[in-house]
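*Asks:* Would you mind keeping the following structure in view while I ask a few things?
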Amino acid sequence: MGAPLEITALVKHYGDQAALDGVSLSVAGGEFFTLLGPSGCGKTTLLRCVAGFIRPDGGRIVCDGARLDTRPAHARDIGMVFQNYAVFPHLSVYENVAYGLRARRVARLELTRRVDEALALVQLSDLARRMPGHLSGGQQQRVALARALVVRPRLLLMDEPLSNLDARLRVAMRGEIRQIQRELGITTLYVTHDQEEALAVSDRLAVMQAGRVEQVGTPWDVYAHPRAPFVARFVGLNNVVEVRVVARAGRGVTADAGGWTLRGETDLPDTRLLAVFRPEAVRLLPEPEAPTGPGIGEGHICSREFLGAVLRCGIRTTTGAMIVVDVHKPTPRDADKEGVPVRFAVDAADVRFLPIG
């Protein structure tokens, strides 16, 4: 089991700008925990505070019961994988991986055994004598990962490690990183701005904005149950519509979306709310038998994107709102509906209400 990490009320300012505004997080031992957010949200600053490259202005960082923020970076027992790999160009693959062990004066036989194990773990044993200049981007990233893991750190920190790879290789590498992390059980703090990547690899994730944590949860919780408008708009693709509550029955709410009605449940007392629902929750209804009633709207298809397994349609409603619909298993007929009037339905179970702001 990996070492637990506790971050409490961490603060970092650059002049008048708060890069971290009282961030608190708990990461369980062996957990793959992701910091997700747009550029400038503070996620890399937080990671570098944990690594010891940046000194926070306040707060505590505790790993496995011991304070980290009072120690220099080299004494924190942390493995780091950088966005640009930071592989030493003048050293072979083997010597790159062995570098940290030599610095720790590990005995020769033990060093050889651990380097061989690390190279086998990242499937680079056959390239041990090759120089970095003759490696692909994915292979260099594996070298960086092996170099971080070979020292057997308490924590593994990864800062946008896949952003320099092409799309297909990113998907393959994220699966390999996740598999290796599970095999080793090492506590991992991972930074990315890629929502799909975060949802794919994480046990839990924190969505950050403007130096603050907006929501922490499992990928399913954050995707299916956003608790703030920013999370709803940033994680995945959401339809977000401003509505006015017209009726309540316990937690049940009926809301007017400017001429069409939505139903759902909420404890929020506000009259003006945001209704949030995913594109895959919207159903196109057949004509002319399409019914009317709560959850059913009208409009016309004004855009379409064929994405292979999904046809993504933009619907401009009769009230002027823009609704995105994902049609799964599309047919050529579905793909030929631009400009066509349609009716669509959203079930109450798929609607969440959030405060405006």
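The values are calculated or read from the model by the stated rules, or taken from the named source; none is laboratory data. On a predicted model such as this, the values are computed, not experimentally measured, just so you know. Note that we place each Cβ from the backbone using ideal geometry, even for glycine, and neighbour counts take in every protein chain shown.
*Asks:* Any idea which of Gly320, Gly297 is within 24 Å of Arg233 (Cα to Cα), modelled with pLDDT under 85 and not aliphatic (A, V, I, L, M)? If you could, list the steps in order and put the result at the bottom.
*Replies:* On the way: Gly297 fails: modelled with pLDDT under 85.
On inspection, the qualifying residue turns out to be Gly320.
*Asks:* Can you say whether Val282 is surrounded by fewer than 18 Cβ atoms within 10 Å (Cβ to Cβ), at pLDDT 85 or above, within 23 Å of His225 (Cβ to Cβ) and not assigned by TED's automatic domain parsing to the domain that holds Tyr223, as far as the supplied structure shows?
*Replies:* No: the conditions fail for Val282.
*Asks:* Which residue out of Phe277, Phe306, Phe230, Phe234 is aromatic (Phe, Trp, Tyr) and closer than 12 Å to Arg352 by Cα?
*Replies:* Phe277
*Asks:* Something else now. Can you tell me how many residues in the range 135-152 are out of contact with any Lys or Arg (no Cβ under 9 Å at 6 or more places or on another chain) and either farther than 15 Å from Ala86 by Cα or not assigned by TED's automatic domain parsing to the domain that holds Ala103 (or both)?
*Replies:* Qualifying residue count, the range 135-152: 0.
*Asks:* Please state which of the following conditions Ile54 fails to meet, knowing it meets all the rest: (1) within 19 Å of Leu156 (Cα to Cα); (2) without any contact (Cβ under 8 Å) to a residue 60 or more places away in the chain; (3) loosely packed, with under 14 Cβ neighbours inside 10 Å.
*Replies:* The single condition Ile54 does not satisfy is (3).
*Asks:* In the range 212-269, which residues are assigned to a strand (DSSP E or B), surrounded by 14 or more Cβ atoms within 10 Å (Cβ to Cβ) and of a type in the set (A, V, I, L, M, F, W, C)?
*Replies:* Val213, Val216, Val240, Val241, Val243, Val245, Val253, Ala255, Leu262
*Asks:* I would also like to ask the following. Any chance you could count how many residues in the range 2-30 are outside any strand (DSSP E or B) and either in contact with a strand residue (DSSP E or B) (Cβ under 6 Å, 6 or more places away or on another chain) or at positive phi (or both)?
*Replies:* Within the range 2-30, residues that are outside any strand (DSSP E or B) and either in contact with a strand residue (DSSP E or B) (Cβ under 6 Å, 6 or more places away or on another chain) or at positive phi (or both) number 5.
*Asks:* Right, another one. Being part of a helix (DSSP H, G or I), over 30 Å from Arg104 (Cβ atoms) and in contact with a strand residue (DSSP E or B) (Cβ under 6 Å, 6 or more places away or on another chain) is the filter here; which residues of the range 145-203 pass it?
*Replies:* Ala198
*Asks:* Go through the range 57-80 and give me each residue that's free of Cβ contacts under 8 Å to residues at least 24 places away in the same chain, in a strand (DSSP E or B) and in contact with a Lys or Arg (Cβ under 7 Å, 6 or more places away or on another chain).
*Replies:* The answer is Arg67, and nothing else.
*Asks:* Moving on to the next point. Does the range 104-126 hold any residues that are small (Gly, Ala, Ser) and either surrounded by 10 or more Cβ atoms within 10 Å (Cβ to Cβ) or outside any loop (DSSP other than H, G, I, E, B) (or both), and which are they?
*Replies:* Selection gives Ala118, Ala120, Ser125.
*Asks:* Criterion first (among the β-branched types (Val, Ile, Thr), within 28 Å of Val235 (Cβ to Cβ), in the same structural domain as Gly65 (by TED's automatic domain parsing) and free of Cβ contacts under 8 Å to residues at least 40 places away in the same chain) does Ile186 satisfy it?
*Replies:* Against the criterion (among the β-branched types (Val, Ile, Thr), within 28 Å of Val235 (Cβ to Cβ), in the same structural domain as Gly65 (by TED's automatic domain parsing) and free of Cβ contacts under 8 Å to residues at least 40 places away in the same chain), Ile186 does not qualify.
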